[in-house]
Each structure stands twice: as structure tokens, then as C-alpha cells.
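The values are calculated or read from the model by the stated rules, or taken from the named source; none is laboratory data. Please read these numbers as outputs of a predicted model, since none were measured by experiment. Don't worry about glycine lacking a Cβ; one is built from the backbone with ideal geometry, like all the others, and counts go over all protein chains shown.
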Amino acid sequence: MRLRRIEAVRFGALEDVSVGDFSDTLTVVHGPNEAGKSTLVALVRAVLYGFATKSAKEAYLPAAGARRARLIFEEGSSRWVIERTEGKNRGPVTVRSLDGDERPGLLEELTRGVDESAYGIVFGFGLGEMGRIAEEARKKEGIAAALYAASAGVRVSPDEIRKELDERRAQLFVPRGSTQEVSRLIKALDAARRRLREARDAAERYSEDRRALDALDEEHERLRAEVDEAQDRVQRLTGDLERASSAVARAKELAGTAEELAEDLAKRRAEAAAITVDHAVLEAADAIDALAHQREAVAQAVRDLERLRERARSEAEEFERVCSAAGLDLERVRTIAVEGPIAGVVEAARDDIARLESEVAARRRELERAEAEAERARNEAGKALAPVGLPASASRADLDAMLAEIDASEEAAGGGNRGDWVLKALMTVLGAFIFVLGGVMLGETVSLVAGPVIAALGAAALIRDLRQRNMAGAGRQEVFRRRRLLEAARGAVERAESAREAAERARLDAESAAALLASRTALLARELEASGLPSGLDARGAAAALDAIRRAQRHDAEARNALAEAQRLAAVVERFVERVGSLAGAVAFERTVETFDDAASTLSVLVDRLAEARSRAEQVRAIESAAAQVEVRLAEVSRQKEDAEAQARSVLDEYESAHASVEGLRTLLDEAMRKLAATSERLEQVTAERSALKERLASFASDEEAAQARLDEAGIVQRLRDVVEEHATLSLAIVLLDRAQRRYQEERQPEVLRHAERVFRTITQGRYERVIVPLGGGRVEVWDGTGGAKESARLSMATAEALYLALRLGLVGCLKDVGPGLPMLIDDVLANFDPERMDGAIEAIAELSASRQVVFFTCHDDVAERLVAAGPPGTARLELPVRR
Amino acid sequence: MSARVRFVHAADLHLGAPFAGVSAEDERVRRALVDAPYRALDAIVELCLGERVDFLVLAGDVYNAAERGVRPQLALADAAQALAEAGIRVFITHGNHDPARGGQTVARLPDTVHVFAHDSVERVVFERDGEPVCALYGRSFGRRDVSENLAAGFRRDPADEIAVAVLHANVGGRQGYDDYAPCTVGDLAAAGMDYWALGHIHEPGIVAETPLAVYAGAPQGMDPTQTGQRGCYLVTVERGAARAEFVPLASVVWESCTADVSGLVTLDEVEDRLELLCRDAAGAWSRPVVIRVDLMGRSEVHGVLGKPGALTALVERVRARTVSGEPWVWLDRVRDATAAPVDLDAIRAGSDLSADIVAIADELASDRDAVARELENALDPLLAKLRAAGVDASLDGIETSVVERARDIVLDALLAREA
């Protein structure tokens, strides 16, 4: 980046002035006094850092209008304008591109690491600023430190960091400080220890309390024993009194109970004696209960007896009626074994005869049907024979002879058949077709004509043959009709002969069935007679007679059975009546008992008497049981009463006779309780005092305070140790920083100074050999060839100016990244140099301009000439016009 | 003799000891911390009563100091009285913290308590129903600094069917503990006991299986280094075979952990992480927890954490939520050991001021003497002032990681200004 032009729209005395283009290396701007050289140097500074306030000594206010100026920088083929106009905050600045990319941060880029002051001292200066670099060297935070930092690659002053670390460390501790952390902690520590001492002092007072507590402990122990003793006595008296009182009261209560029980016992026994019980009935209770249990069954037997007698009568009557209806003798009926062999015979005969009768009827119906069929067939044959002229008596042989005659006549008639006629027609058509086809194919006209001719001839022959066939057919039809009639008549005659044969067979079957029926009927009659039954009965009648006998015998048996059961029941009833009568006599119940009703009535009375007797007996037993319990209870109560009396005696016997009563014990207990209350009250007082004292001792304030104070002390000491560590860390941090700074001074700063030293040596033509900035000295010293050191303040003005220029050139020569685009603007600083030193200075400036752009303003033509001559390639000279 | 005894073995109650290294502003937490050793004693008593043991053994350092406080003495007297009422005897040896010679007795212990002599090994027979059951051997510290091998003086009587030894000692020269009454496992074995009830080491654990020698550990962690569960042992000795079951008792558990916040960006996320750690601790222990957290890792959130007051405010917010829970969790200290998310190797490879800082820090970290010298120079006035104020402050506890933190502080400042 190079400064190409300086343009003043309005700045100081300059108006619409443009100076440039400046060389990349050295540009010598020559102009007379008042040409505006210093103003241009100031303009560059103003554009870079801002206009001075209007009230400032060097404000460079124009005669009219607002200040406005710009710088044009160039890098490669790009150019930018930095323009500052009058306004707030020392005037707003704009950066715009003339040719190339926008670089809004260009100004900051150019001035990086160089503040306005540093710029004024190092980059843009005139004779008036020459001495300031030495002044700045005395300031730790000044340009020297800033330049050191910048040259060390950081844009931070190590002095600032050191100052911060010092401050932080000083907050912790300064040797004679009183407000720092350490001082505050030590004060707090003293306070905690003071509390601890006070607490320990207070602990001395503990002994007195301890002695008082010992006394209280002894009294407490004694009282405790007395109270325990009193409590034991009260407890024992209370227990004895309670036991004695309880026993006496219990004995008294038991005596009352025993008396009540005795009365109750007597009352119950009298009540039992007043109840009369029918013992006779009770003794017969089992018999009465048994008869009462049988009564319903016997009543049922009585009812069944009547019903059976009635049934016997009814069955006997029915027996007689059935026998009478069947016309059988009663006694004979009783003897016939209806379920014997005769029953099977009758049953089989009845089925056989019925089947045979049905067979006879069926054969007769078949005979009638066959005869009717024979008659009808015979009539049909007559009808069929009539058309052929034969009588009804004609046979099948007659008809067969006539049919043989017809067959012979037809064989003789013969004749073509239909197949011959068709063959002829086909041959005719085929011949006609062949001729026509051959004519067409061969182109023969004869053939074409012959075809139709042949067809016509064939057709004529066919028609003639057909007519002859029709004339022969009329005679044959008549023969066919007669033949058909003969064949029909032959069939009818054949069927009539078959029907006649069937009718004959049916007649023979009917006669055979009738004969078999008559034989079977005769056999049955013989069996009936042998069995005692009327022989005139047919099969069905015999079966009916057997059924009647079977019914009669059943009624007879029923009647006999009913009578037998009736007799058995009558015996049961009779026994029941006898036992009731006997029982009534045994229990002195006078009553005539002859019938079942008598017995039932008597038994009811006996049952009622038995229930009453049982109820009374139960009442007596319940009363006697209760009385027995009362008696047992009475005995138990009496025993308990004696025990209670003995218990009371055993308790009271422990005491003197004066107090050997419940009342006496109560008096003793009252006395013991009063004593216990008094002792306990004193014990409570002592306990409370002892407890309070013990609690006071246990939570002894001094002890507690000491613990708290020790805790505080421990916390403070810990914090102090932390502070020591923190202080150590900060101290080491400062050591590190100091060492780093020293290392710079030894390894890096000397390079800067050596550069300045070399320049200074060049300027002074070797008279001065070394330039030194002692650590922390804040001054610059030069060493001449004799080894003597001179502080800058003691040098002659010219030598001092040479030193200052050398320092600047040396510093700027080492600054690579600091103010990278800033040119060095030097305003006629060689005025006081003698020719030799001027040569040296020019040489140094020319050398620097090879690495950093330099613009040298001068009014001395020879200086300009010599600079141009000494400058590196590209050195330019510009002339400033004289301002009017 | 009945061939079985059952007892509780506890030690190092340190009644009256302050909690070291904790700064608890919350009254509830302060109260719990002050009461914790006493609550541990109460828990031991409850265990004895609940398990209906034969006796309780306290193997030294019952009190934190020779000049026993009032409250500690009364607490022990009350505990012994409660056990006496249940017919449970107590056997005590004095340790280096509460040697027999020293302190004024202000609370009498009941007759059921036996304190072992300090001038020789004492044998006491424990009887049940008038019949001897078990012999207990013990020896107290007469003074604080006992360098004699006390275990060597223990010898079992051949008539003992069961023999239990009670001793406060450093077995095997355990590091981090004063080497009082030094002895070896071999010394313990040579005595022929069935069980060694040991005290002095605050971490519970089994020293030897044959014979079974056990450090009961402190029933309550006393400072932030005594993390994890603490309690006592329920011991059964039967026919010469002993077994010990650890029973956790501490009413407050100390916890220390690190939290990698590498992936976190905002303070809210850190706050959530811390709260989660607290909740997890409460869930894991099911009792109040005092927890310390070191935030680790290179993270975006480092810059925010480094802002003045940010971490303090964050911790207070988390505390406000976790201390009110049940069980409560006191976030005791959160140390910011995070660093900016920078690539140190990349910085080392550079040639700027940051590279110088890192390089110098690397050099310093490898030279402990140099660090000590630098710190001595820098901290001398501060340490002098602290010593004058009676604070035992030294550079001994400062680790070399301080160099890394110092480096990160400088880098933070540099990077913050460059940003």
C-alpha cells in the first residue's frame, strides 16, 4: 500500500491543492518556505486521525468554509480515497474506491498499531517533534512500550498487563496496607481468636458450676433413693389396701349372693313338688306312642276292608254273568283249561279256515274273470274272420294256408326296382356333363351339341320307364290289404284259443280250494268236542267262547283274592282294637272297646293324657336341674367368700393390730403419699436445678463459642492460605511477564536499537558507536568511541536531532506489520546537520525508503538534490508551487 | 468361658476438634460441622444399643486435645452412662491427642468404663453372667509423643479363650500420620491376639487378616482431606475367628472432585454442572456433604470465570439451592483451574510475547528451586505478616501447578486485550 497523492480541498492555507504522485520509495517534495510543506504533513495526520478542534493551536482552519482533505492510496492497480470532512468527532471520514474493491476498513488497516501520538512522533514529524521521542521513552506506557509491544507481535502493552496484575495482587496484600484482603482476614482472625480466648477464659468459671452440680448430684441421688423408697412403700401400701379392700368387699358381696341363692333354691324345690304327674300313663307311654303311630294305618285297613269286600261281591256277580251269557256251566267253566292246547288249536284253526275261505273266494273270482275273457276273445276272433270270409269256427291252420297262397302269387309278379331307375338318371346327367365339358375345353362344337342331346334322350327314357311302373302298382295294393286282414284274423283266433285254456285252469283251481276248506272245518269240530266245548262252533265261535271263559275265570279269581285280603285286614283291625282295649284297662281308663272307632276314640284320650303327663314331668325336671345349678353356685360362692375373707386376713395380718384393717391401711397410705409428694417435690426442684445446670454446662456457651470460633478461625486460615496461593500465582505471573519483557530487551529490543545505532553511527560518521535504552531507565544513552555514555538530554542539539532521527529510522525500520501502509513524512529535519551528518542522514533515509515509503519535504534545493541522488530506484522529486 | 463376643470398635473421635479448612457461612452447616463429632458418638452408642453388643472399644484420641473440653467430656460421660444402663461396658485407651497425663476431669465416667493404664499393658477380663468371656489388653499413651513400640509389650495369656488388644499406634509407618508408638504387623502377630482394635489412622481399613487387625478410622472426617465414608467396625470374635463389619456413621461426608468444563461456554452451564455434582454427591451418600470442586480443562468459559466476582457469585447461587436440600450439600470451595482454550503448542511455536511467556513458564516449571526462590522473594513480606499474625503459613503447600496458573493468567490478559 502506498500513498499516492495528498489533496487539500480546504485545509489551513491550502485550498484545492493536490500533491503527487508519490513514489513507492522516496519522494522529495521541494518547495519554498510558506509553500505548505508543514501543512501537508499535518493534513496527512488530520485525515488519518481527525481534525484538531477548532480552538486548538494548530487547527488549520481555512479562511472560509469547512476543512476537507483527502489522501489517495494505491495498491497494485487499485486506488482508494480516504476523505475527511468537517464534522463531529473530529470530522467524519469516508473511504471509497476509485478503482478496485471496496475497503471500508482501510483506514484502520493503515494505522494498525499506531495511535495518533505515535504517528506524530514517529511517522509524520518535523523539527518541532524531534525531541519528543526521547520524552516518550521515559514514559512506560508511551510510544516506546507501544512500539515494543507492536514489534513483539502483539498490540498490547505488557506494562498494562503488569499494572493489572499488580493491582490484583495489591488487592490481596501490600506490606503496610490495611484494607487489603489479607489485612481484613487477619483482623477477622484476630477477632475469632479473641473470641476463642474469651471462651477459654469463661471456661474457668465452669468449675464453680461443676461443684454446684456435684452437690446437686449428691442430693439428687439421696432424694432419688428416698423417693424410690417412698414410692415402694406407697406402692406396697396401695397394693395391700387395694387387695384388702377388694377382698373384704368381695366377701361381703359373696355372702349376699349366697343368701339369694339359698332362697332361690328353696323356692324352686317347692315349685317342683306342687306339680302332679300321671306316672301310669308315662309308664305306658311307649305302648301308647306305638298304637298312636299305628292308628292311621289301621284306619286305612278298615277302609280297605270294606272296599275289598265290595269288590269280591262285584267280581262274583260278573263271573256268573259272563258264564250265563256264554251259556256255560259255572263249575265246568272253572275246570276248562283255557290256556291249554285247545287255545292253540282254536287259534290255528281260526287262521287256517279264514285263509282257506279267502282262497276259495279268490279262485272263484279268477274263474269268473277267465271265463269272461275267453268269451270276449272268442267274439273278437269272430269279428276278425268275417272280413276274410271265414266262419267263427275257423282255425289258425285255415288262416296259415290262406297266407301261404298270397306269398306265392307275389313272388311271381317280381319287377325292377327303384335303384335301377336312379342309376339310369345319373348316367344320363353324367354323359351330358362330360360332353359339354369336353366341348368347352376342346372347343369342339359337336361335343357341345352332343351333351344336351344325350341329356334329352336320357330324360325321355326315364319318363317312359316311370309310367310303366305306376301301371303295375295298382294290382299289388289289393293283395297287400287281404294279407293284412288275414294276419289280423290269425292273431284274434290265437288270442281266443289262449283265453279258453286259461278259463279251464281257473275252474280246476276253484274246485280244489273248496275241498281243502271242508276238510279243515271237520278237523276243528273234532278238537272242540275233545276239549269239552260245544262241537258245533266254528273257528270264530270257538275263539269267542274261549275268551268268555278266560274273562269269567279272571273275575272268579279276583273275587277269591279280595275275600282273602279282606279277611287278613279284619284280623289286623281286630288285634288293634284288642290292644287298645287292653291298654285302656291298664291305665285305668274304663271304656268299652269293641270296634275300631271305639279304639280310635280311646286312643285319642290316652294320647292327650300322655302329652299332659310328659309336660308336667318336663317342668319338674327343669326346675330340679335349675335348683341343682343353684346349689352348685351356692357352694362355689360360699367357697369364694371364705377365700376372700382369708385373703383379706392374710394382707391385714402383715400390719400391726392398730392398722390391721382397711381403714388402718388407708391411714398408713395417706401418710406415705404425703411423704412421697414432699420428697418428690424436692427431687423435682433438685432435678430441675441439676438439669438446668447440666444443660448450661453441656451447652456451655464458652465451649460452644470456642467451637464456633475455632470453625471461624479454621475458615479464615484456609482463606489466608488461599490468598497466599493466589498471591503466589499473581507474583509468578508478574515474574513471567518481567522475564518475557527482559528477554525482549535482551533479544529483540537490541535489534531495534542496533538498527537505530547503525543509523546513528552512519549519521555521525562513526563518532557515536552505541545507543542504549537501559531497562526501566526511561532514557536513551549514546556511547561515543571513548566508551563514555551520554544521556540524550546532554547532547548538543544537532547530535540530539541526529539521535532522534536515528531512533525513528531504526524503529520504523523494524516495524513490519505496524502501520503497514503509513509512509514516513519528514519535514525538513536536516536543517541543523553539518554536511557530513547530512550525508549520513540522507544515506539512512534513502536506505529506509527501500522498505518503507518516505516523503521528505524540504525547502533546500541541495538537500532535495542529494536525496534524489542517494535515493533508491523510483525516487521522485516534486515541486511545490509558491502560494500567492 | 463362652466362646463368642460381639463388640463395637471405634477410634479417633477427636471430640472438640475444629473442622479444618472449611469456611461455612450457613448457620445450619456450621451447626452440623460443630456437632458432627458428637453425632458420631451418638451414632456409636445407638449402634451398640441396637446391636446389643457386649462392649465398646475406643482406641485412642477420643478427645482432640489433652486439655479436654467440657462438652467433649460431658458427651462421653453421657454416652457411657447410656451404655451402662444397657449393661454395655466401655474400654478406652488414650492416644497422642488425649494422653492420659493431661487435662482436667470435669465429668465423671460411670464404673462400666475402663481406661487402660499408660505405664504398662493392662489385661482386663470381660465377664458375662459372672463367667469370664474375653480378655482385653490395652495400653494408653501417657504423653503425646510416644516413640516406644507399645505393641511389643502385648502378650496373650494362654488361659484366654478370646483375646482382644486395644492400641493407638502407627502400624507400618503410615505416611501422613505422626509415627507414634510405631510397630509392624509382625509385632501384632507375635502378641497372639484374636483381634487388634487399632486407632490413630483416620482411614478405616484392615491392616492384617491374621490376626485380624483393623483401623476403625475416625467416625467423622475432620477436614477436607478426609473424604468418603467414615464410621466404625462391628466385631464378632468366635472360637478364635474374628470378623469385622464396617458400619458407616459420619453425619457429614467430605467430598472432593474435579469437574472438566472443557465443553462449557457459559456460567449457567458451569452452575448446572456444579449443582449436578452436588446433587449426585447427596444422592450417593444420602447424608449431608461438604464438597470441594476443582474446575479443570481449557474452556471458553475460562474468561468468564476469571471476571472479578463471577465465580464467587456462581458458588453462592449453587450453595443457596443445595444447602436447603435434604440432605444438604455445602459447596465449600470451587477452585478455578481452568485455562483459556488456546493451543499452547501453537503458542510455543511462535516468536511473540506469548511464546516468550509460555517458554519461560516451561523453564520455570521444570526448576522447582527457581520457583521457590521467586515465590520466596515475592511472598516474603506476606508470609512474614502472616507469621506475625500467628498463622502457620509457608510455601510448602504450594504446588508447581501455580506456574501453569500464573502462565494462564498472563496469557489470559494478553489474549483478552488482543481480542
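Just a few scattered comments:
- For A:Leu822, the requirement of being closer than 18 Å to A:Ile6 by Cα, of a type outside the set (Asp, Glu) and either surrounded by fewer than 23 Cβ atoms within 10 Å (Cβ to Cβ) or touching a Ser or Thr at 6+ places or on another chain (Cβ under 9 Å) (or both) is met.
- Residue within segment A:209-221 that is surrounded by 15 or more Cβ atoms within 10 Å (Cβ to Cβ), of a type in the set (Gly, Ala, Ser) and either touching a Leu at 6+ places or on another chain (Cβ under 9 Å) or farther than 30 Å from A:Glu654 by Cβ (or both) present: no
- Residues in segment B:189-209 that are within 18 Å of B:Arg243 (Cβ to Cβ) and of a type in the set (D, E, K, R): B:Asp194, B:Glu209.
- Some residue of segment A:185-201 being over 30 Å from A:Val723 (Cβ atoms), without any contact (Cβ under 8 Å) to a residue 40 or more places away in the chain and not basic (Lys, Arg): no
- B:Ala59 vs. criteria over 24 Å from the mean Cα position of the chain (by Cα) and farther than 23 Å from A:Gln708 by Cβ: no
- For segment A:315-329, filtering for residues that are in contact (Cβ under 8 Å) with a residue 60 or more places away in the chain and either in contact with a strand residue (DSSP E or B) (Cβ under 9 Å, 6 or more places away or on another chain) or under 16 Å from A:Ala557 (Cβ atoms) (or both) leaves 6.
- Residues of segment B:352-376 that are more than 8 Å from chain A (Cβ to nearest Cβ) and either of a type in the set (A, V, I, L, M) or in a helix (DSSP H, G or I) (or both): B:Ala355, B:Val358, B:Ala359, B:Asp362, B:Glu363, B:Ala365, B:Arg368, B:Asp369, B:Ala370, B:Ala372, B:Arg373, B:Glu376.
- The requirement of being in contact (Cβ under 8 Å) with a residue 60 or more places away in the chain and surrounded by fewer than 24 Cβ atoms within 10 Å (Cβ to Cβ) is satisfied by B:Tyr180.
- Some residue of segment B:403-419 being more than 9 Å from chain A (Cβ to nearest Cβ), out of contact with any helix residue (DSSP H, G or I) (no Cβ under 9 Å at 6 or more places or on another chain) and closer than 28 Å to A:Val717 by Cβ: no
- A single entry from A:Ala244, A:Ala199, A:Ala188 fulfils the requirement of being assigned by TED's automatic domain parsing to the domain that holds A:Arg682 and either in contact with a Phe, Trp or Tyr (Cβ under 9 Å, 6 or more places away or on another chain) or not in a loop (DSSP other than H, G, I, E, B) (or both): A:Ala244.
- The residue that is farthest from the other protein chains (Cβ to nearest Cβ), among those in segment A:155-185 that are of a type in the set (Ser, Thr, Tyr) and outside any helix (DSSP H, G or I), is A:Thr179.
- Criterion: within 13 Å of chain A (Cβ to nearest Cβ), within 33 Å of the chain's Cα centre (by Cα), surrounded by 18 or more Cβ atoms within 10 Å (Cβ to Cβ) and of a type in the set (A, V, I, L, M, F, W, C) - qualifying residue of B:Val334, B:Val293, B:Val323, B:Val329: B:Val334
- With respect to the stated conditions, A:Arg396 is modelled with pLDDT under 90, surrounded by fewer than 17 Cβ atoms within 10 Å (Cβ to Cβ) and in contact with a helix residue (DSSP H, G or I) (Cβ under 8 Å, 6 or more places away or on another chain).
- Elements of type strands (runs of 3 or more DSSP E) in segment A:781-877, at least 2 residues being farther than 27 Å from A:Ile72 by Cα: A:781-784, A:789-791
- Filter result for A:Val577 (touching a Gly at 6+ places or on another chain (Cβ under 7 Å), surrounded by 13 or more Cβ atoms within 10 Å (Cβ to Cβ) and touching a residue at least 12 places away in the same chain (Cβ under 8 Å)): no
- Taking residues in segment B:222-250 that are more than 24 Å from B:Arg333 (Cα to Cα), and partners anywhere that are assigned to a strand (DSSP E or B) and of a type in the set (Asp, Glu), the pairs with Cβ atoms closer than 9 Å and at least 6 places apart or on different chains are B:Tyr233/B:Glu245; B:Leu234/B:Glu245; B:Val235/B:Glu245; B:Thr236/B:Glu245.
- Verdict on A:Glu331 being at pLDDT below 85 and acidic (Asp, Glu): yes
- Here segment A:709-753 is the region considered, the condition is being at pLDDT below 85 and in contact with a Phe, Trp or Tyr (Cβ under 7 Å, 6 or more places away or on another chain), and the residue that is farthest from the other protein chains (Cβ to nearest Cβ) is A:Gln749.
- Apart from one condition, B:Val391 fits all of (1) more than 10 Å from chain A (Cβ to nearest Cβ); (2) outside any helix (DSSP H, G or I); (3) β-branched (Val, Ile, Thr); the exception is (1).
- Residue within segment A:578-599 that is under 30 Å from A:Glu315 (Cβ atoms), touching a helix residue (DSSP H, G or I) at 6+ places or on another chain (Cβ under 8 Å) and not acidic (Asp, Glu) present: yes
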